[in-house]
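Visitor: Please read through the structure below; I'll follow up with questions.
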Amino acid sequence: MDRLQESNYRPHPKLAKALDVMFILHADHELNCSTAAMRHIASSSTDPYTAVAAAASALYGPLHGGANEAVLRMLQRIGDKKNVSDFIKSVKERKERLMGFGHRVYKNYDPRARIIRKIAYEVFEVCGTEPLIEVALELERQALADDFFIKRKLYPNVDFYSGLIYKAMGFPTDMFPVLFCIPRVVGWLAHWLEFVEDPDSKIARPRQIYTGPSQRRYEVLENRSKAKIKDTMTLVPSSFSKRRIAARARPSKLPSMS
């Protein structure tokens with residue numbers, strides 16, 4: 001990124017390969033949140049630019065495109081591998097959230113994580129060892145040996161090591177969702193093309209079952225209780241702050257990452 005003005009610059013082949021592998025692994029992965037949004041919007045026969053914008057909005061969420069960013073910030077909070085035991089204890093007590101573990105699809109070790117773990121060491125050979133890797137390895141070791149996580153089938157996923165690789169390569173943490181988005185656009189467009197070329201495709205309309213009251217009395221705005229109207233909008237100075245606030249607003253639990 002710092003060499004864009006140098007026409008003769010060539011990246012290190014190991015770093016180029018690492019990005020290729022990371023981008024391939026992130027290009028497509030089932031009907032996740034953003035891909036579902038892409039297909040949903042595509043079903044109305046909109047153009048691919050609008051559909052990609054909708055998918056990118058879904059990816060922007062901290063539990064989707066911000067997953068590897070959240071892992072890195074978690075490892076930074078732990079700080080040292082000697083603090084891992086206390087962190088594991090806090091996770092069990094629901095005081096902390098274990099990021100980068102668990103998946104809606106994989107109920108064992110994410111096969112993509114094994115590949116990225118190997119790539120991490122190849123990147124470290126060029127860029128130098130990332131200090132947080134020791135924290136990550138110790139966290140993985142203790143979690144995989146603990147019945148609490150084993151019974152819940154919580155194993156490292158693709159996001160657990162990817163943030164460390166991007167950090168070692170010099171990418172700013174706030175750019176991680178962008179690095180996720182670049183390859184995922186390829187997968188989104190493949191889904192868009194598949195949808196629009198299918199002659200049997202119809203506009204998406206998920207079935208909704210209403211479970212509320214059968215009748216409700218209409219109240220004019222002036223008579224409505226202010227307690228019933230919650231202001232959920234918060235003005236913040238940056239996109240990172242919005243992502244952080246959105247993540248903290250969720251109830252404390254062990255999430256499945258996408």
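Visitor: Inspect the stretch 11-30 for any residue being small (Gly, Ala, Ser), under 24 Å from residue 62 (Cα atoms) and assigned to a loop (DSSP other than H, G, I, E, B) and give the result as yes or no.
Guide: Yes, the stretch 11-30 contains at least one residue that is small (Gly, Ala, Ser), under 24 Å from residue 62 (Cα atoms) and assigned to a loop (DSSP other than H, G, I, E, B).
Visitor: Please name all residue pairs, on different chains or six or more residues apart, with Cβ atoms under 7 Å, provided the first residue is in the stretch 146-164 and is polar (S, T, N, Q) and the second residue is modelled with pLDDT under 90 and not in a helix (DSSP H, G or I).
Guide: Every condition considered, the pairs that remain are 157/100; 157/101; 157/102; 157/103; 157/106; 157/110; 157/257.
Visitor: Within the stretch 190-207, is there a residue that is modelled with pLDDT under 60 and part of a loop (DSSP other than H, G, I, E, B)?
Guide: Among the residues of the stretch 190-207, not one is modelled with pLDDT under 60 and part of a loop (DSSP other than H, G, I, E, B), which makes the answer no.
Visitor: Okay, moving on. Taking the stretch 1-28, which residues are touching a Leu at 6+ places or on another chain (Cβ under 9 Å) and either open to solvent by less than 40 Å² (accessible area, probe 1.4 Å) or at pLDDT 90 or above (or both)?
Guide: Hits for the stretch 1-28 are 19, 22, 23, 26.
Visitor: Only one of (1) touching a residue at least 40 places away in the same chain (Cβ under 8 Å); (2) surrounded by fewer than 17 Cβ atoms within 10 Å (Cβ to Cβ) is not met by residue 31, so which one is it?
Guide: (1)
Visitor: From the list 34, 45, 90, which residue is modelled with pLDDT of 85 or more, closer than 20 Å to residue 144 by Cβ, among the polar types (S, T, N, Q) and out of contact with any Pro (no Cβ under 9 Å at 6 or more places or on another chain)?
Guide: Unique residue meeting the criteria: 90.
Visitor: Cβ-Cβ distance below 7 Å, separation of 6 or more or different chains: which pairs start in the stretch 66-79 with a residue that is in contact (Cβ under 8 Å) with a residue 40 or more places away in the chain and end on one that is of a type in the set (D, E, K, R) and open to solvent by 10 Å² or more (accessible area, probe 1.4 Å)?
Guide: If the second residue must be of a type in the set (D, E, K, R) and open to solvent by 10 Å² or more (accessible area, probe 1.4 Å), the pairs left are 66/243; 72/167.
Visitor: List the helices (runs of 4 or more DSSP H) inside the stretch 40-148, counting only whole elements, that have at least 1 residues being in contact with a Ser or Thr (Cβ under 8 Å, 6 or more places away or on another chain).
Guide: Per the criteria, 48-59, 67-78, 111-127, 132-144.
Visitor: Counting only residues that are open to solvent by less than 20 Å² (accessible area, probe 1.4 Å) and over 13 Å from the mean Cα position of the chain (by Cα), which one in the stretch 65-106 is nearest to residue 130 (Cα to Cα)?
Guide: 75
Visitor: Sticking with this one: In the stretch 137-174, what count of residues is obtained for those that are exposed (fewer than 15 other Cβ atoms within 10 Å of the Cβ), modelled with pLDDT of 90 or more and touching a helix residue (DSSP H, G or I) at 6+ places or on another chain (Cβ under 6 Å)?
Guide: Final tally of qualifying residues: 1.
Visitor: Here's a check for you: in the stretch 165-197, which residue that is in contact (Cβ under 8 Å) with a residue 24 or more places away in the chain and β-branched (Val, Ile, Thr) is farthest from residue 55 (Cα to Cα)?
Guide: Among those that are in contact (Cβ under 8 Å) with a residue 24 or more places away in the chain and β-branched (Val, Ile, Thr), it is 165.
The values are calculated or read from the model by the stated rules, or taken from the named source; none is laboratory data. Keep in mind the model is a prediction, meaning the values are calculated, not measured. Virtual Cβ from ideal backbone geometry, glycine too; neighbours counted across all protein chains shown. The accessibility values were calculated without ligands, DNA or RNA, using every heavy atom of the protein model including side chains. Shrake-Rupley method; radii C 1.70, N 1.55, O 1.52, S 1.80 Å.
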